[in-house]
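Below: the structure, in structure tokens.
Rule-based calculations on the coordinates, nothing more; no lab input. For clarity, every value in this text was computed on a predicted model and none was experimentally measured. Cβ placement follows ideal geometry from the backbone for every residue including glycine, while neighbour counts extend to all protein chains displayed.
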Amino acid sequence: MADWSLLEKFFLTCGAVGGLLFLIRLGLLVMGIDHHGDVDVNGGDVHDGVHDTDAGFKILTIQGVTAFFMMFGWVALAVARSTGSSFLLAVPAGFAAGAFAIYIMAWAMSAMVKMQSSGNLDLKKAVGQEGHVYLTIQKGGSGVVTVEVQNHLREIDAVASDQGEIKTGERVRVVAVEGAVLVVDRV
């Protein structure tokens with residue numbers, strides 16, 4: 001290492017520091033200790049704001065920048081050492097590797113965000129579905145039906161559209177939704 005040029009030492013520093021920060025940040029992320037910490041502040045000190053950004057800023061995250069420096073440093077060092085300290089080859093190769101690392105990080109984060117779901121049940125999606133009566137729907141009253149909503153079998157309160165009685169086990173079709181109650185017809 002004593003015979004390394006200043007440029008090679010710079011590449012080593014970029015790769016080592018970027019790699020260390022990348023691994024620390026990744027470790028914190030895996031443990032759930034990323035940016036949501038508990039802080040005790042006065043009400044006037046809490047700033048609520050919009051946390052959505054333009055697509056260009058979603059690429060420039062701390063994780064992406066550390067990945068850039070890590071890949072830039074290691075690839076540029078490898079190219080510089082293999083070509084005899086050629087600055088003209090090492091820097092573009094390092095930038096290309098760093099840009100690719102940022103792209104991969106943005107793609108991975110985007111893929112993880114797409115896996116999120118709200119978990120909310122949209123009863124309107126039950127309209128048209130068939131199910132069966134779980135608890136008898138009393139004349140003029142309500143009961144419970146079992147119907148598939150959003151690929152999950154649910155037991156939901158229901159009333160008959162004709163205000164008649166529908167016995168347990170009978171097949172029904174959802175025709176409407178009123179609040180959190182399904183309106184059903186016999187099939």
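Extending 7 Å from the Cα toward the beta-carbon at both ARG81 and LEU7 defines two label points whose distance is 1.7 nm. Amide hydrogen proximity for HIS132: with H placed 1.01 Å from N in the peptide plane, the residues at 5 or more positions away or on another chain lying under 5 Å are THR146, VAL172. Based on C-alpha pairs under 8 angstrom that are at least 6 apart in sequence, region 123-186 has a relative contact order of 36 percent. Over the residues of the chain, the helix contribution to mean residue ellipticity at 222 nm works out to -14500 deg cm²/dmol, using -39500 (n - 2.57) for each DSSP H run of at least 4. Bridge orientation summary for the chain: considering DSSP beta bridges with both residues in this region, about 90 percent are antiparallel.
Computed from Cα atoms, the angle from the helix 6-30 axis to the main principal axis of the chain rounds to 20 degrees.
Taking amide H as placed 1.01 Å from N in the peptide plane, VAL177 has its amide H under 5 Å from the amide H of VAL183, each at least 5 places away in sequence or on another chain. Angle of helix 87-114 to the longest C-alpha principal axis of the chain, folded into 0 to 90 degrees and rounded to 10: 10°. Between the entries [x] 1.03; [y] 1.12; [z] 1.35, the label attached to Rg/Rh (Cα atoms, Kirkwood Rh) calculated for this structure is [z].
Once both labels are positioned 7 Å from their Cα atoms along Cα-to-Cβ, the gap between LEU29 and THR61 label points is 0.5 nm. Under 29 Å between C-alpha atoms is the cut-off here; go through the chain and count lysine pairs that meet it, provided they're at least eight residues apart or on different chains. Summing the qualifying lysine pairs gives 8.
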